[in-house]
Structure formats: structure tokens, C-alpha cells
Amino acid sequence: GEYDVELPNAERLADDNQLVNDNEINTEKSLDGEDNGGGPAPIMGQGFVSGGISMTYRSVVLKKWFQAPTVRESRGKPGEMGKPVKIPADMKDLMKEKFKENQFNLLASDMISLNRSLTDVRHENCRHKHYPSKLPTTSIVIVFHNEAWTTLLRTVWSVINRSPRSLLKEIILVDDASERDFLGKQLEDYVAKLPVRTFVLRTEKRSGLIRARLLGAEHVTGEVITFLDAHCECTEGWLEPLLARIVQNRRTVVCPIIDVISDDTFEYITASDSTWGGFNWKLNFRWYRVPQREMARRNNDRTAPLRTPTMAGGLFSIDKEYFYEIGSYDEGMDIWGGENLEMSFRVWMCGGLLEIAPCSRVGHVFRKSTPYTFPGGTTEIVNHNNARLVEVWLDDWKEFYYSFYPGARKASAGDVSDRKALRERLQCKSFRWYLENVYPESLMPLDYYYLGEIRNAETETCLDTMGRKYNEKVGSSYCHGLGGNQVFAYTKRQQIMSDDLCLDAASSNGPVNMVRCHNMGGNQEWVYDAEEKWIRHTNTGQCLQRATRDDASTPLLRPCNYSKGQQWLMESKFKW
Ligand code: UD2
Ligand code: MN
């Protein structure tokens, strides 16, 4: 099947996310009333300092404010305090047109101040936290390809406005061969006037975000590198919690909580603080609920740093020397994808720590589809990057990836000998160690008896998810030997699973459904009797039996009866 690249999404919002309605007024930024509509906004005066409004700035603000030229302006610009922007009905066509440029509501973004205010979305206890008085300096590295003016510069302004100036060494923008005029000299002129040293580097040709970040990192003069995407907004106090963890242990790679800036309204929406990063069999990065054991390790303190198995990839701080020590990035990876898991596994397996600092919150515009080209093909590039990742880091578990997603076998990883040598040189631990110690909840099970197709002895058909989703019946069909929907793992926890779905039966003689694995036995516990070839459901004591009517093709639970229709063969016969 075709591979659709999945972008990290805001799925976790459905969980227990709550909108913050805290209307506390921030002391700084953004009542400037500037107008972005006609292009770049005017530069703030030098008097603008972080952490409070300087006198010169205050007078400018007040003057503009009291002039209140129109009713609309006196109500403030759209989006202030992170509120959603409403587009007037007569502008909807223009809005749709502009959406295509970046796959977010560019019209809304252009209406919002580059300095827009946000509410302080941190957990209350974060506001009184004390950080070491001596924190390292950091340089911000932001790479972009064809980014919009207002999102890029709002990212920059949010860094300037909400970072202690003494900690901020410089802001490095890396233009990855953009094809937009305003990102040329106009951008250079603009950033030259910013109150924090900011400059633009350019890749010679399109090189992808990984190599663009490597270029940016080379120019970092701060002690810590902080990477951001080009459509972020940093909130009050975002930086200190990141740097403080690195002071504690320089081998810590720290991420903020990534909040959501709506791609539709640019509303700032807080994300759950109880999710961490994981991944599925296809190696898509996903947010999952933090398990109890990690909550307990943190003494149930929601403001304490959270150890996460993986990171989303775009937003994190890392000690500059450690960044190189641990192998920076895999230069063989192109455009987009894979590097976030690669770094996550590498950091954990080679002696580092990967954390989310919940008191650090940065908004990011999550998009539903990618706005830019992938020269060479989206699928090919992502598969290539993932092939490099699995060949170097996944050990035996790479079979989960390849068998579940057979198209990936065609991709070539290229030469990974340097990365393997790195793993050797750093004496990194095994992927088994990672699963055992960092991520026992992983969808790739630590211990399993079998991975492959499950064939019925009588009908010669194979269990098949049929591409169905949660809570639907498991099917069976002609064994194609290609893996994918016909690959199941039989785990030591006695689950029969396919990615995040487990065979689940709620009652005797009933259907067998695919339900999200809960790792708690119960309706999802099956015993395979290698002699009788039974798959016996523990709770009901019944056996899995081939579909009764051929057309229905849904296996059922029936009393065990030694018939051939209840015999299942676990012997992989793949065609690769
Ligand atoms: C997520 C990460 C992103 C990266 C990616 C996997 C977050 C919030 N974002 O995807 O940082 O780890 O997963 O690779 O965690 N860019 C270039 N050159 C390119 C392509 C992209 O410079 O050829 C820039 C792009 O303009 C943006 C950044 O790289 O500033 C990340 O790209 P994205 O925003 O499309 O990635 P995203 O957020 O979907
Ligand atoms: Mn992004």
C-alpha cells in the first residue's frame, strides 16, 4: 500500500486537554498596535526589554493606546492573549486561497501582531520555581523552507520578548533554499535591526531540515543549542526550565510541552501535561498518556521533569558540546522525518536523558499536510530516513517496522557504516535495553514468541486486520505473504497484536474484536497451544475458529473441539 506521511498531530487534545481561560495580564509585550498587513512590521525601539516594559517603550505604547483611532483598534489586534482570530465572511475566499501557501491560515496569522500577547499557561506552581542563578547561554536555531513572514517573525519576537536577555546569545535563522523573495534581503535587513543579534544563514541547495540544523549548529556561540520550528510562539518563562535541566546534567536533552497554535484560527491551545512521546510499528511519532510509574517517579508532581521515550523533534535544548559528542544528526537523512526518533533512541541508548520540562511551554502550528515539496518523493524520503534509523538502532525490532510496512523494504538506507561506528564508539546499549528500561509500554513488545502471519489450517486463510480500526472485528483473507495487515505478534503478555490493536473477546461464542491494547490481560489474553495449534481465549476458555460462512470472513470464538478449523499455524511465510 501507499505510505501516507503522518505529521505529528494534535490528537492528544482529545484527551483531557483543557483550555486555559486565565486572563492574567502579562507585564510585557505587545500592545503596540503595529500593522503587519502591508509587510514587515516596524522594529521595536532599543528600549524594549524582556521582563517588563521600559520607559521609552511604555510611552510609545500608551500614546498609541490612548489615540485609539478606531473602535476596532482600541479593542486590540486580533489574537491577543492567544485568542482565536475570526475571519470576516467576505474574506473567506481570500483566506482559503492563502491557506494553500503554508497549509495554515496565513490570513489569520497576518492579522495578528508579531508581538502578540499570550496568557501565562504554565501550571501555577511553575511561576514560583527557583532556577540556578547561573544558567548557560543559549543560541536559538530556527530552520525554514518557504516559511511565512508573520509566523517566522512571530517566532523570533516571542523568543526575544520572553527570554531573559542575559541567556540569549543569538538567534540563527537557516534558510533552506526558500523560493520566496521576502525571505531574501528583506529578511536580512529586518533581522539586522532586532534588539538581539540575529542573522540568516542559507543552504546552497535544498538540504532538508536535518542538514539545515547542522549548518545552524556550526555557528552557535552559546553554550546550549535550542532548536525551534519556524512557526512557534514561546510563552512566559519558557527558557529557564530547559536550561536548568542541562545544568543539572549536561547529558539531558530537554523539550518544552508543545502547545497547539490552531492552524485554523491561530488560537493558543494548551496541550495535556500528561502525555509523552512514543511511536508505533510504522515508526510514526505519537503522543501517549504518561504511565502511572512515571507519574509516581515524579511523586505525582505535574511540574517535575518528565522522562519521555521519544520527542516530537522540533523543539529542544541540548548542550552544544554534548550535541556533537552524541553524534549530532545523521547527515544521510534528507528533508524531513526520522531524525526525531533517531535522536531519541541514540540519546537514551548512549547514556543521555530525554525529558519534557512541563514548566516550559511553546506553541507550535501543527499542520494536517505538508506545504512544501519533498524532492525525490515524500514516501521515498521518509522511508529512506526510517531505513537508516532502523538499520542502526532497532536491532531485531526492525522486523516490526519492515513486516508491518512492507513497502519500506524497497527503500535503501544507503551507507550507514559511520552511524554504526558511532554506536560502537559510544558503546551504546541495545534496543532491548531501551525497551526494558526506558519504554516497557512500547507497542513494540519487549518479549514476544512470534511475529508473522497466522494461518488457519483448514481454510488456508490468514488473520487480517483488513485495515480496520478500533473496536471492529478481526477478519481473515487469502494469505498474501506480504505482511502488513496480516502481521501479528504473539507476545509474552499473551496478546495477539497488530500495532496498537489487540485481539479482544468480550463474551463466549462472540466475535473477536480489535481493541486498543491495554497490557492488562483480561479479554486480550490468549494462549497458543503449539501442539494442538489452538489459540485459546483465557477468560472464556474458548478457541478461535475460522469464519463459519466464507463470505463473512470473521473468525469467532467457539468451544474447543479439536477441529481443523481451530488450528492456527504460526510459521511465517513471507515473500521477501
Ligand atoms: C515535526 C517536528 C519537526 C521535525 C519533524 C520530523 C515539532 C513541532 N516539529 O514535524 O521539527 O522534527 O517532525 O522531521 O516537533 N524545513 C526545512 N527544510 C525542509 C523541510 C522543512 O528547513 O526541507 C523546516 C520547516 O520550515 C520547519 C522545520 O523544518 O521550520 C520543521 O518542519 P515542519 O514544520 O514541516 O515539521 P513538523 O512540525 O510537521
Ligand atoms: Mn513544524
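At a probe size of 1.4 Å, how large is the accessible area of K129, to the nearest 10 Å²? Accessible area, nearest 10 Å²: 70 Å².
Ranking M91, M349, M570 from most to least accessible surface, computed with a 1.4 Å probe over the protein chains only, gives M91, M570, M349.
Converting phi to 3J(HN,Hα) with the Karplus coefficients 6.51, -1.76 and 1.60 and the offset θ = phi - 60°, segment 98-105 yields 6, 4, 5, 5, 10, 6, 8, 6 Hz in sequence order, with x at every glycine or proline.
Measuring nothing but how far apart in sequence close Cα pairs (under 8 Å, 6+ apart) lie, relative to its length, segment 175-244 scores a relative contact order of 31 percent. Gain on full extension, evaluated as 0.36 nm per residue between K185 and Q494 minus their Cα-Cα distance, stands at 105.1 nm. Three semi-axes describe the equivalent ellipsoid of segment 460-576; taken as square roots of 5 times the Cα gyration tensor eigenvalues and ordered largest first, they are 18, 17, 15 Å. Each Cα pair under 8 Å and six or more residues apart adds its sequence gap; the mean of these over the residue count of segment 350-421 is a relative contact order of 31 percent. Working note: Karplus 6.51/-1.76/1.60 with θ = phi - 60° gives segment 248-256 the couplings 4, 7, 5, 8, 9, 9, 10, 10, x Hz, where Gly and Pro are set to x. Compactness of the chain, taken as the C-alpha radius of gyration over 2.2 N^0.38 Å, stands at 1.07. Under the combined filter of DSSP loop state and at most 12 neighbouring Cβ atoms within 10 Å, segment 224-322 retains none of its trypsin sites (Lys or Arg not before Pro).
Cα gyration tensor of segment 239-364, axes a ≥ b ≥ c as square roots of the eigenvalues: rounded (a/c below 1.5), prolate (a/b > b/c) or oblate? In terms of gyration-tensor shape, rounded. Given +1 at the Cβ of Lys and Arg, -1 at the Cβ of Asp and Glu and no other charges, the dipole of the chain around its Cα centre is 800 debye to the nearest 20.
Amide H to amide H, with H built 1.01 Å from N, Y449 comes under 5 Å of Y490, T491, K492, counting only residues 5 or more places away or on other chains. Under the shape rule built on the C-alpha gyration tensor, where the axes satisfy a ≥ b ≥ c, segment 322-401 is oblate, since a/c reaches at least 1.5 while a/b does not exceed b/c. Add -39500 (n - 2.57) for each DSSP H run of 4 or more in the chain, then divide by its residues: what number comes out at 222 nm, to the nearest 500 deg cm²/dmol? After summing the helix terms and dividing by residue count, I get -7000 deg cm²/dmol. Between R516 and N471, C502, the built amide H atoms are under 5 Å apart, and every one of these is 5 or more places off in sequence or on another chain. If you look at the Cα atoms of segment 339-472, you get an Rg and a Dmax of 18.2, 58 Å. Panel note: the C-alpha atoms of segment 215-264, placed on their principal axes, show extents of 38, 26, 17 Å (largest first).
Computed on the chain, with alpha-carbon pairs under 8 angstrom and 6+ residues apart, the relative contact order is 12 percent.
Here's the picture: charge each Lys and Arg Cβ at +1 and each Asp and Glu Cβ at -1 in segment 163-205, and of L167, A192, S178 the one pushed furthest to the positive end of that dipole is L167.
Segment 73-130 and segment 371-439 have their alpha-carbon centroids 38 Å apart.
Along segment 447-461 the Karplus relation, 6.51 cos²θ - 1.76 cosθ + 1.60 evaluated at θ = phi - 60°, assigns HN-Hα couplings of 10, 8, 8, 7, 9, x, 7, 10, 9, 7, 5, 7, 8, 6, 9 Hz to successive residues, with x for each Gly and Pro. What the Cβ-Cβ distance of N437 and K193 gives, at R0 = 56 Å and to the nearest 0.05, is a FRET efficiency of 0.70.
Length gained on full extension, S563 to Y470, computed as 0.36 nm times the residue gap minus the Cα-Cα distance: 30.5 nm.
In this model, which of K398/K420; K205/K282; K282/K533 are farther than 24 Å apart at the alpha-carbon? Table pairs above 24 Å Cα-Cα are K205/K282; K282/K533. Segment 243-278 and segment 300-361 have their alpha-carbon centroids 12 Å apart. Computed over neighbours whose Cβ is under 11 Å from that of L435, the net charge equals -3, Lys and Arg +1, Asp and Glu -1. Residues whose amide H comes within less than 5 Å of that of L201, counting only those at least five positions distant or on another chain, are L173, V174, D175 (H built at 1.01 Å from N in the peptide plane).
In the chain, the portion of solvent-accessible area held by carbon and sulfur atoms comes to 49 percent [1.4 Å probe, whole percent, DNA, RNA and ligands not counted].
Using a probe of 1.4 Å, the accessible surface attributed to D464 totals some 10 Å² when neighbouring protein chains are kept in position.
Taking the Cα atoms only, what angle lies between the long axis of helix 55-67 and the longest principal axis of the chain, rounded to 10 degrees? The angle comes out near 90 degrees.
For the chain, the residue among T308, Y288, A421 whose Cα projects farthest onto the positive side of the dipole built from Cβ charges is T308. Rounded to the nearest 20, the size of the Cβ-charge dipole of segment 213-327 about its Cα centre is 780 debye, with Lys and Arg at +1 and Asp and Glu at -1.
Multiply the residue separation of E571 and E325 by 0.36 nm, subtract the distance between their alpha-carbon atoms, and state the gained length in nm to one decimal.
Here the segment from E571 to E325 would lengthen by 84.2 nm.
Ordered from highest to lowest accessible area with the whole protein assembly present and a 1.4 Å probe, Y562, Y322 read as Y562, Y322. Using Cβ point charges alone (K and R +1, D and E -1), the dipole size of segment 146-218 about the Cα centre works out to roughly 280 debye. For the chain, the share of DSSP beta bridges that are antiparallel, to the nearest 5, is 65%.
The values are calculated or read from the model by the stated rules, or taken from the named source; none is laboratory data. The model shown is predicted, which means the values in this text are computed figures rather than measured ones. Here the Cβ is made from the backbone with ideal geometry for all residues, glycine too, and neighbour counts use every protein chain on show. Only protein heavy atoms, including side chains, enter the accessible area calculation; ligands, DNA and RNA are left aside. Shrake-Rupley method; radii C 1.70, N 1.55, O 1.52, S 1.80 Å.
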